[in-house]
Amino acid sequence: MSDQEVLEIFRKHSALLEGHFILSSGLHSDRYIQCALVLQFPKVAEQLGAALASKLGHLDAAVVVAPALGGVLVAHEVARALGVRALFTERQDGVMKLRRGFQLKEGEPALVVEDVITTGGSTRETMQCVEEAGGRVVGVGALIDRSGGAVSLGLPKAALATLSVHNYNPAECPLCKSGIPAVKPGSRSQK
Ligand SMILES: [Zn+2]
């Protein structure tokens, strides 16, 4: 599946919007990605998971781990394609943890996947959880790398599509300066 084919699937489901957006961080952006709108269709989720698995399968992972919530379905579908387990980490008092009795074997090879890589922060936190549990991270993946490929995690990395998304402080936002109205995706102002 090419980058363009993947982005076409996202556009078709209104999961990739182009324009002028206010992100939850308060920054303004020229693009907005909402993977849940694509992943709500199990057949599409399965197809995307299989495509990502085909890029990471050579790493022979025995388990796929993702940060909740955004990564859960991605891990599940990649793991389905690889025939391995899918686990997730979640925040407890702000700290990413492997909970619910999930365990890794000593040295067990693991993939860490996400829906979207922005800064790589939650991927790194999940990698740390895997290592603390005794596992060994052999590669990372995401449906979309919106860092333009700039995030390096020191391991093999795969994404179905790579995008350069511009984020701006509101005071310096060129989209504001050009008078384009800003919308908060997911809120009523979008309608
Ligand atoms: Zn703006």
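The values are calculated or read from the model by the stated rules, or taken from the named source; none is laboratory data. Bear in mind the structure is a predicted one, so any value in this text is a computation, not a measurement. Heads up, the Cβs are rebuilt from the backbone with ideal geometry, glycines too, and the neighbour counts pull from every protein chain shown. Quick note on the areas: whole protein, heavy atoms, side chains included, nothing else; ligands and nucleic acids left out. Shrake-Rupley method; radii C 1.70, N 1.55, O 1.52, S 1.80 Å.
Can you list the aspartates and glutamates whose alpha carbon is less than 20 Å from that of residue 43, not counting same-chain residues fewer than 8 positions off?
Cα-Cα hits under 20 Å: 3, 5, 8, 77, 114, 115.
Taking a ≥ b ≥ c as the square roots of the eigenvalues of the Cα gyration tensor of the chain, is the shape rounded (a/c under 1.5), prolate (a/b larger than b/c) or oblate?
Verdict is prolate for the chain.
For 115, 93, give the ranking by accessible area with the largest first, probe 1.4 Å.
So, going from the largest accessible area down, we get 93, 115.
With every protein chain kept in the model, how would you rank 1, 127 by accessible area, 1.4 Å probe, largest at the top?
On the way: 1 85, 127 25 Å².
Largest to smallest exposure gives the sequence 1, 127.
Per-residue accessible area for residue 180 at 1.4 Å probe radius, Å² rounded to 10?
Rounded to the nearest 10, that gives 80 Å².
To the nearest Å, what is the center-to-center distance of the stretch 114-185 and the stretch 13-83, using C-alpha atoms only?
Their Cα centres are 12 Å away from one another.
Which value, in Å² and to the nearest 10, is the accessible area of residue 131 when all protein chains are kept and the probe is 1.4 Å?
Taking all protein chains as shown, residue 131 has close to 100 Å².
With a Förster radius of 30 Å, plug the Cβ-Cβ distance of residue 1 and residue 60 into 1/(1 + (r/R0)^6) and report the FRET value to the nearest 0.05.
Taking R0 as 30 Å, the efficiency between residue 1 and residue 60 is 0.85.
Label points 7 Å out from Cα along the Cβ direction at residue 103 and residue 172: separation in nm?
5.0 nm
Explain nothing, just the number: dipole magnitude of the chain about its Cα centre with +1 on each Lys and Arg Cβ and -1 on each Asp and Glu Cβ, in debye rounded to the nearest 20.
The calculated dipole for the chain is roughly 460 debye.
What is the antiparallel percent of DSSP beta bridges lying wholly in the stretch 110-158, to the nearest 5?
If I count the DSSP bridges inside the stretch 110-158, around 0 percent turn out antiparallel.
Nearest 0.05, what FRET efficiency do residue 23 and residue 128 give at R0 = 25 Å with Cβ-Cβ as r? Working shown, then result.
Numbers: r = 25 Å, r/R0 = 1.01.
Plugging the Cβ-Cβ distance into 1/(1 + (r/R0)^6) gives 0.50.
Below 13 angstrom from the Cβ of residue 41, what's the summed charge of the other residues (Lys, Arg +1; Asp, Glu -1)?
Counting the neighbours of residue 41, the net charge comes to 0.
What are the residues whose amide H is under 5 Å from the amide H of residue 89, where those residues sit 5 or more places off or on another chain and H is modelled from the backbone?
66, 68
Determine the calculated [θ] at 222 nm for the chain from helices alone, applying -39500 (n - 2.57) to every DSSP H run no shorter than 4 residues and normalising by the residue count; nearest 500 deg cm²/dmol.
Value at 222 nm, helices only: -8500 deg cm²/dmol.
Where both partners of a DSSP beta bridge lie in the chain, what percent of those bridges are antiparallel, to the nearest 5?
Here the antiparallel bridges make up roughly 35 percent for the chain.
Is the shape of the stretch 1-93 rounded, prolate or oblate, going by the alpha carbon gyration tensor and its root eigenvalues a ≥ b ≥ c, with a/c under 1.5 for rounded and a/b larger than b/c for prolate? Before the final figure, lay out the partial values.
Numbers: a/c = 2.34, a/b = 1.39, b/c = 1.69.
Taking the square roots of the gyration eigenvalues as a ≥ b ≥ c, the stretch 1-93 is oblate.
Going 7 Å from the Cα of residue 184 toward and past its Cβ, which residues in the stretch 16-48 have a backbone nitrogen under 11 Å from where you end up?
Counting only backbone N, you get 22-26.
Could you list which residues have their amide H under 5 Å from that of residue 159, counting only those 5 or more apart in sequence or on another chain, with H placed in the peptide plane?
Amide H to amide H, under 5 Å and 5 or more residues apart or across chains, residue 159 pairs with 142.
Running a GNM on the chain with Cα contacts under 10 Å, which residue among 88, 41, 21 ends up with the highest mean-square fluctuation?
41
Pairing rule first: another cysteine's C-beta must sit under 4.7 Å. Under that rule, which cysteines of the chain stay single?
Those would be 35, 129, since no other cysteine Cβ in the chain comes under 4.7 Å of theirs.
Work out from phi, with θ = phi - 60° and the Karplus expression 6.51 cos²θ - 1.76 cosθ + 1.60, the ³J(HN,Hα) of each residue of the stretch 27-38, listed in order in whole Hz, and give x for Gly and Pro.
6, 9, 8, 8, 9, 9, 10, 10, 4, 4, 5, 8
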